[in-house]
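Here is the structure we will look at, set down as structure tokens.
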């Protein structure tokens, strides 16, 4: 199935596309036309072997080999794109733009899926997964460092925004952390209170659910007026950077969005604690505070971390939108690119955001496995 | 000593404990016995104030339990329950150390106490200290539960049907253990069960409760021989109170000293019930009896059993 999609992609769509300049849309160029014949043949060969392996009876060793092959295929596809772009660039005028085409993305996606699938079937633990990710990341960085991708327009966009990129990436991470951190600090005590007094749960969840349903841009807009008023009324706050636009409303909105999953999961976690355990804890003379922090919260931790994982991934995406109100972050490139009709600039914002989301997901998944160790 | 003085507790207007008065002497193994809904668990949980009573007073060691902060009170009273309530995220060691740590014992003293208790409960400290509750069998979990209840050397132990959820063989072993521990430590134990057989094995005193009242207080023998009401007679004996009586007495009580009889002698602490079973198996109305060292003491006859 995967293989069929991959093959259709190779034959039916352009691996790369070339345009006379940044603004015009490009003309597609197929995989075999674009790349060195040997690279194209290599990609086809590995894909064929992977197909045969997927038909063979499952065995751990075989799945490991398949994972290694899929990893190699990923690198080969990326390398081939760089290589082909460089070849095209020598024959093209200096203003020409060479972008990654639909064929590249579909091939890349199928290879990545094949890798994830093989790792899962091989029963790879988080240590092995980290090793695979690190290897692929380092290899890609090494290729980038050697200038392999220089001819691709994505790299050109990066070059022209290089000074801004690091700042935007850091700002994006800061926005997410500034959203998740306070949401945990507010959400966990809220959840503990709600778990103690079930009557509070109805109204609390009604409010939090309502907040979730407000579209992000609308929430940014709603916060604009009161914060602008607050900043003009209290100059000290304005001096601290609080205003109708900028990071302050963005962070507030992100916190509000993050509250529901954190509160809901923590309440569910506390409600799931065996009543006999609570009876025993009280019967042995734990105070209410000791019961909460030594028994209920640790036992709710696996669910709490699961909530944190959902929230973090969600906020990485929402923080992109925050660029609209001047909060900065990777969204800056996305909206700038959209405004200039420059797809590669959009990608310069979107790809690292996807990477961040995946990284956060992976990190918190590992943390969740640690938190659930004793059950 | 625990003095329960005309204590009442109502849920939604229905009195589950009704003007109950009961004095449990120091060092007693007291079983609260009765059918479900008779108020025995509620009574137990009022002693450590897990249930707040509406009226009356309860004194433990002469002190009114309502004059002590509930947490302080509970740390002085051991507590073990049916489903053990072990903390799943803590190792056996941490579970047992719960109350000593709440009381801020020094680390070394806690360590020693944990080892001592694991040995008392016949669990090898080296093997069991670092295990998590889910790695233990039901019987082992219950042993850890009892060890945890004993950890801070409480003056009093409350046990709410602690052995109800384990298999019959394990239950019999645990019953023997808790009797041994009670004899060795001389602790006062209040033990809730609905199982009359268990009560007869464990108790030095039994309080039978009926709809929140004390129906009868006495030794197991008192209850079987002189039930105070038809309810007690029915609950304790059912159709076989005679056999239960036989199981409470030993052949030493009915010995004919100096007489001799043929066959393998039975030890003097054999229950009359087992002696009766031996006679039936041997087709004999007379058994020789020996002491613990195997020296002949005398005989016991079929007629003596039903005397």
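Every number here is computed from the coordinates shown, using simple stated rules; none is lab data. Remember, it's a predicted structure, so these values are computed and weren't measured experimentally. Here Cβ is always computed from backbone atoms with ideal geometry, including for glycine, and neighbour counts include all displayed protein chains.
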Legend entry - Rounded if a/c under 1.5, otherwise prolate or oblate - the stretch B:249-305, Cα gyration tensor axes: rounded
Legend entry - Between the stretch B:91-144 and the stretch B:194-263, the Cα center-to-center distance that results, in Å: 36 Å
Inset, instruction - Classify chain B as rounded, prolate or oblate, taking a ≥ b ≥ c as the square roots of the eigenvalues of its Cα gyration tensor: rounded when a/c is under 1.5, otherwise prolate if a/b is larger than b/c and oblate if not. - result: oblate
Legend entry - Degrees, to the nearest 10: A:198-213 long Cα axis against longest axis of chain A: 30 degrees
Inset, instruction - May I ask for the angle, rounded to the nearest 10°, between helix B:272-282 and the longest principal axis of chain B, with both axes built from Cα atoms and the value confined to 0 to 90°? - result: 40 degrees
Inset, instruction - Normalising by the residue count of chain A, find the relative contact order in percent from Cα pairs under 8 Å and 6+ residues apart. - result: 16 percent
Inset, instruction - Using only Cα atoms, locate the centre of the stretch A:72-115 and the centre of the stretch B:271-287, then give the distance between them in Å, rounded to an integer. - result: 95 Å
Inset, instruction - Using 0.36 nm per residue of separation minus the Cα-Cα distance, give me the extension gain between residue A:130 and residue A:144 in nm, one decimal. - result: 3.0 nm
Inset, instruction - With the Cα gyration tensor of the stretch B:67-212 in hand, convert its eigenvalues to equivalent ellipsoid semi-axes via √(5λ) and list them largest first in whole Å. - result: 24, 19, 14
Legend entry - Residue-averaged beta-carbon neighbours from other chains (10 angstrom radius) around A:284-291: 6
Inset, instruction - Using a 10 angstrom cutoff on alpha carbons, build the Gaussian network for chain A and name the most mobile of A:156, A:38, A:289. - result: A:289
Inset, instruction - Name the shape class, rounded, prolate or oblate, that the alpha-carbon gyration tensor gives for chain A, where a ≥ b ≥ c are the square roots of its eigenvalues, rounded holds for a/c under 1.5, and otherwise prolate holds if a/b is larger than b/c and oblate otherwise. - result: oblate
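Which whole number gives the average, over all residues in B:77-83, of C-beta atoms from other chains lying within 10 Å of the residue C-beta?
Averaged over the peptide's residues, the number is 4.
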Inset, instruction - Among DSSP beta bridges lying fully in chain B, give the percent that are antiparallel, nearest 5. - result: 55 percent
Inset, instruction - Take the alpha-carbon centre of the stretch A:118-164, take the same for the stretch B:146-168, and report the distance between them in whole Å. - result: 59 Å
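Per the helix-only calculation at 222 nm, which mean residue ellipticity applies to chain A, given -39500 (n - 2.57) for every DSSP H run of n ≥ 4 and division by its residues, nearest 500 deg cm²/dmol?
On the way: 16 runs with 286 residues, N = 375.
One gets -26000 deg cm²/dmol as the mean residue ellipticity at 222 nm.
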Inset, instruction - Before anything else, pin down the relative contact order of the stretch B:61-199: Cα pairs under 8 Å, at least 6 apart, normalised by residue count, whole percent. - result: 33 percent
Legend entry - Computed over chain B: relative contact order in percent, which uses C-alpha pairs under 8 Å that are six or more apart: 19 percent
Legend entry - Tilt relative to chain B, helix B:138-150 - C-alpha long axis, 0 to 90 degrees, to 10: 70 degrees
Inset, instruction - Choose one answer from A:278, A:98, A:262: the residue with the largest mean-square fluctuation in a GNM of chain A with alpha-carbon springs under 10 Å. - result: A:278
Inset, instruction - Identify which of B:213, B:122, B:283 has the largest mean-square fluctuation in a Gaussian network model of chain B, with springs joining Cα atoms closer than 10 Å. - result: B:283
Legend entry - the protein assembly as shown - share of DSSP beta bridges that are antiparallel (%, nearest 5): 60 percent
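Given only helices, namely DSSP H runs of n ≥ 4 each adding -39500 (n - 2.57), what is the per-residue ellipticity at 222 nm of chain B, to the nearest 500 deg cm²/dmol?
That calculation yields -10500 deg cm²/dmol at 222 nm.
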